[in-house]
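The values are calculated or read from the model by the stated rules, or taken from the named source; none is laboratory data. Here the structure is a predicted model, which means the values were calculated and not measured. Every residue, glycine as well, gets a Cβ built from its backbone with ideal geometry; the counts of neighbours run over all protein chains shown.
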Amino acid sequence: QKEVEQNSGPLSVPEGAIASLNCTYSDRVSQSFFWYRQYSGKSPELIMSIYSNGDKEDGRFTAQLNKASQYVSLLIRDSQPSDSATYLCAVGDNTDKLIFGTGTRLQVFP
Amino acid sequence: GAVVSQHPSRVICKSGTSVKIECRSLDFQATTMFWYRQFPKQSLMLMATSNEGSKATYEQGVEKDKFLINHASLTLSTLTVTSAHPEDSSFYICSAPTRGVNTEAFFGQGTRLTVV
């Protein structure tokens, strides 16, 4: 069974610090990798996608992918209290179907 | 990003009644849409894949006769929870993948269903 693993947290970081969120996946043929942010009571919002090994930066967010280690991470620089949310890692194969991790709850305190 | 609209955002119904939830892709066509259910403090669980012009594909353990899915057009999929019971109370979310160089999935706003 395909699995996506995340530490449930909460991960607490002070405002202005770097938050590091990690995710591992079991299916070696996975091709696409996503990070979604979900505020309480809301639906997930796509913040980053990554498809090849290495780093991808978008503003304060950097996604890192290592297919050999089956590992994907998300770094949030200059964390803000508004970044406090649950971050979901999602992994896709070639069918567009996504498998989600259980999410990591991030708390950024002033 | 692409826009997916889901309606209603919140519904309360009596036990035994049916509820229909709509999911629309507003600015792109979606031959496939996905329906998820999320219980409090849990992750998204894929219920079924909605396929335009053909039958939906249900995940293991999901009752197809209880959760009716219709994908009537390239922009609309509906989920009907039939004979709803309190244990069906949950957050139902649809998503639709865009098809470009890379595929990305965008979510509707979600529907909070409460069965009393």
Boolean, A:ASN94 is away from chain B (no Cβ under 13 Å) and surrounded by fewer than 21 Cβ atoms within 10 Å (Cβ to Cβ): no
Matching residues in the stretch A:6-32 - criterion: being modelled with pLDDT under 95, out of contact with any Gly (no Cβ under 6 Å at 6 or more places or on another chain) and either surrounded by 18 or more Cβ atoms within 10 Å (Cβ to Cβ) or not in a loop (DSSP other than H, G, I, E, B) (or both): A:SER30
Residues of the stretch A:5-46 satisfying the condition of being within 10 Å of chain B (Cβ to nearest Cβ) and closer than 25 Å to B:ALA2 by Cα: A:GLN31, A:SER32, A:PHE34, A:TYR36, A:GLN38, A:SER40, A:GLY41, A:LYS42, A:SER43, A:PRO44, A:GLU45, A:LEU46
Neighbours by Cβ (under 9 Å, 6+ apart or cross-chain): first from the stretch B:55-78, without any contact (Cβ under 8 Å) to a residue 12 or more places away in the chain; second surrounded by 16 or more Cβ atoms within 10 Å (Cβ to Cβ) and among the aromatic types (Phe, Trp, Tyr): B:TYR58/B:PHE67
Among the candidates B:THR31, B:THR78, residue that is modelled with pLDDT of 95 or more, in contact with an Asp or Glu (Cβ under 6 Å, 6 or more places away or on another chain) and surrounded by 13 or more Cβ atoms within 10 Å (Cβ to Cβ): B:THR78
Of all residues in the stretch B:92-116 being more than 8 Å from chain A (Cβ to nearest Cβ) and under 13 Å from the mean Cα position of the chain (by Cα), the one that is surrounded by the fewest Cβ atoms within 10 Å (Cβ to Cβ): B:LEU113
